[in-house]
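Q: Just passing along the structure, written as structure tokens.
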Amino acid sequence: MRRREFITLVGGAAAVWPLTARAQQPVVGFMSGRAPDDSAHLVAAFQQGLAERGFSEGQNVAIEFRWADGDYDRLPALAADFVGRGVAVLVGVGGDVSAVAATKATKTIPVVFGMGGDPVKAGMVASFKHPGGNVTGFTLWTVEMESKRLALLRELVPRVPLIGVLVNPRFPPAEQELLDLEPAAKAINRKLFVAEANDDAELDAALASFVEHRVGALLVTAAPFFDTRLERIVGFAAQKRLPAIYQFREYAVAGGLISYGPDAAESYKNGGTYVARILKGEKPADMPVVLPTKFDFLINLNTAKTLGLTVPPALLDQASEVIDPSRHIAPRRQRGR
């Protein structure tokens, strides 16, 4: 059974039942800017958070899933549909666009968001400690880490003069990502070539432009659209023998060279916990926005070997996981940011 089918059966089958048929159960509307194929582990973590607080899907809570598959324009309509159907809690995850769409859709239904940027700057909450209103949630803080990723990439390939940067211009934090990267590149005396992509045609053109401009390495910025195209991007880097760094561990597990970012599954678990607490009567206004405490830094030595790279021992010492040709994935060590 394919993973998409699995998600539909265990996570989304309830979506075809009318809400009135399940009036005895609270219904959670779960919308994401990502795709079900790349989110199975995140859904499982969310459900775990619910379960640890006493809510089991199909027994005393129903979850309806909606996916934008990286098409951000679909998200406002998904949120409006959930609001119109009167869900008990609206969950907007898988990127800042989803979080903002959920927040804008209602001022009465409790909203739990998951995003990569700053919800205060985005105007979604009054403060991290006291969100106010009907909204709370978690931030992965991943869009704040682009300069750190650039530094790690430079440490791995110190002689590369031109680094390609893949950006999604429709992703709200994209402008801030570039603002952070520009001074970071100057500080390490590196030039950046930026290519934008918001759909498949633009992604093909962006990848081709990296080849045309002969970039020596690639930084894929945080954006849900890129997560939905993970295999294509990792495959391109492998085919063109480009050292590349990504935001989530799934990229490195899929064959990407290195990844650095928050433990997304842990954050989604916290999101499930927050939904359960709200279902038990707590108010979002009194629930602080959750910040990430666990970060993954993966190095894929299989890929490094294929690219002919020697990973510096100091970089290996920093890694929380090492994918090794003989050991596969070394035991995890969680590190702070």
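Q: Antiparallel versus total DSSP beta bridges in segment 182-337: what percent is that, nearest 5?
A: 55
Q: With the convex hull built on the Cα atoms of segment 174-237, state its orientation-averaged projected area in nm².
A: 4.4
Q: Spelling out what I want: for every residue of segment 286-301, take phi, set θ = phi - 60°, compute 6.51 cos²θ - 1.76 cosθ + 1.60 (Karplus), and round to whole Hz; glycine and proline get x.
A: Computed from phi, the couplings for segment 286-301 are 9, 10, x, 5, 8, 9, x, 10, 10, 10, 9, 10, 9, 10, 9, 5 Hz.
Q: Same structure, new question: Which value, in Å² and to the nearest 10, is the accessible area of residue 213 when all protein chains are kept and the probe is 1.4 Å?
A: Result for residue 213: roughly 80 Å² accessible.
Q: If you don't mind, another one. Taking θ = phi - 60°, what integer Hz values does the Karplus form 6.51 cos²θ - 1.76 cosθ + 1.60 yield along segment 113-129, in sequence order, with x for Gly and Pro?
A: In residue order, the calculated couplings are 9, x, 9, x, x, 9, x, 6, 4, 6, x, 8, 9, 6, 7, 5, 6 Hz.
Q: On to the next question. Residue 165's amide H: which non-local residues (gap 5+, or another chain) put their own amide H closer than 5 Å, with H modeled 1.01 Å from N in plane and none for Pro or chain starts?
A: Amide H neighbours of residue 165: 193, 194, 195, 219.
Q: Related question: Please give the direction-averaged projected area of the C-alpha convex hull for segment 48-112, in square nanometres with one decimal.
A: For segment 48-112, the mean projected area of the Cα convex hull comes to 4.7 nm².
Q: A follow-up question, please. Taking a quarter of the surface of the Cα convex hull of segment 233-286, what do you get in nm²?
A: In nm², the orientation-averaged hull projection of segment 233-286 is 4.8.
Q: Something else about it: At a 1.4 Å probe radius, carbon and sulfur cover how many percent of the accessible area of the chain?
A: The computed percentage sits at 54.
Q: Helix 200-212 versus the longest principal axis of the chain: what is the Cα-based angle in degrees, 0 to 90, to the nearest 10?
A: Compared with the principal axis, the helix lies near 20 degrees.
Q: Next question. Just to confirm the number: angle between the C-alpha axis of helix 40-52 and the first principal axis of the chain, 0 to 90 degrees, nearest 10?
A: Result, in degrees: 40.
Q: Where does the Debye-calculated log10 I(q)/I(0) of segment 136-224 sit at q = 0.12, 0.18 Å⁻¹, using only Cα point scatterers of equal weight, no solvent?
A: Summing over Cα pairs of segment 136-224 leads to -0.35, -0.77.
Q: Taking Cα atoms, how many degrees apart are the long axis of helix 146-156 and the longest axis of the chain, rounded to 10 and kept between 0 and 90?
A: 30
Q: Now, a different point. Kindly rank 73-79, 131-137, 200-206 from highest to lowest mean number of other beta carbons found within 10 Å of each residue.
A: 131-137, 73-79, 200-206
Q: How big is the convex hull of the Cα atoms of segment 201-295, per residue, in Å³?
A: Considering the Cα atoms of segment 201-295, their hull volume per residue is 120 Å³.
Q: A further question follows. Could you state how much accessible area residue 240 has, in square angstrom rounded to the nearest 10, with a 1.4 Å probe and all protein chains kept in place?
A: 90
Q: Just to be sure I understand the curve: with the Debye formula and one point per C-alpha of segment 273-329, what is log10 I(q)/I(0) at q = 0.16 Å⁻¹?
A: The Cα Debye sum returns log10 ratios of -0.60.
Q: Equivalent-ellipsoid semi-axes (√(5λ), Cα gyration tensor) for segment 210-252, whole Å, largest first?
A: They are 18, 10, 10 Å, listed from largest to smallest.
Q: Now, a different point. May I ask you to give the solvent-accessible area per residue for the chain, in square angstrom, as obtained with a 1.4 angstrom probe?
A: That works out to 43 Å² for each residue.
Q: Tell me, what does the Kirkwood hydrodynamic radius of the chain come to in angstroms if you use every pair of distinct C-alpha atoms?
A: Hydrodynamic radius (Kirkwood, Cα pairs) of the chain is 20.4 Å.
Q: Please list, ordered by chain and number, the residues whose modelled amide H lies under 5 Å from the amide H of residue 25; skip anything fewer than 5 residues away on the same chain.
A: Answer set, sorted by chain and number: none.
The values are calculated or read from the model by the stated rules, or taken from the named source; none is laboratory data. Please read all numbers here as calculations on a predicted model, not as lab measurements. As a convention, Cβ positions derive from the backbone with ideal geometry for all residues, glycine included, and neighbour counts pool all protein chains shown. Accessible surface is based on the protein model in full, side chains and every heavy atom, while ligands, DNA and RNA are left aside. Shrake-Rupley method; radii C 1.70, N 1.55, O 1.52, S 1.80 Å.
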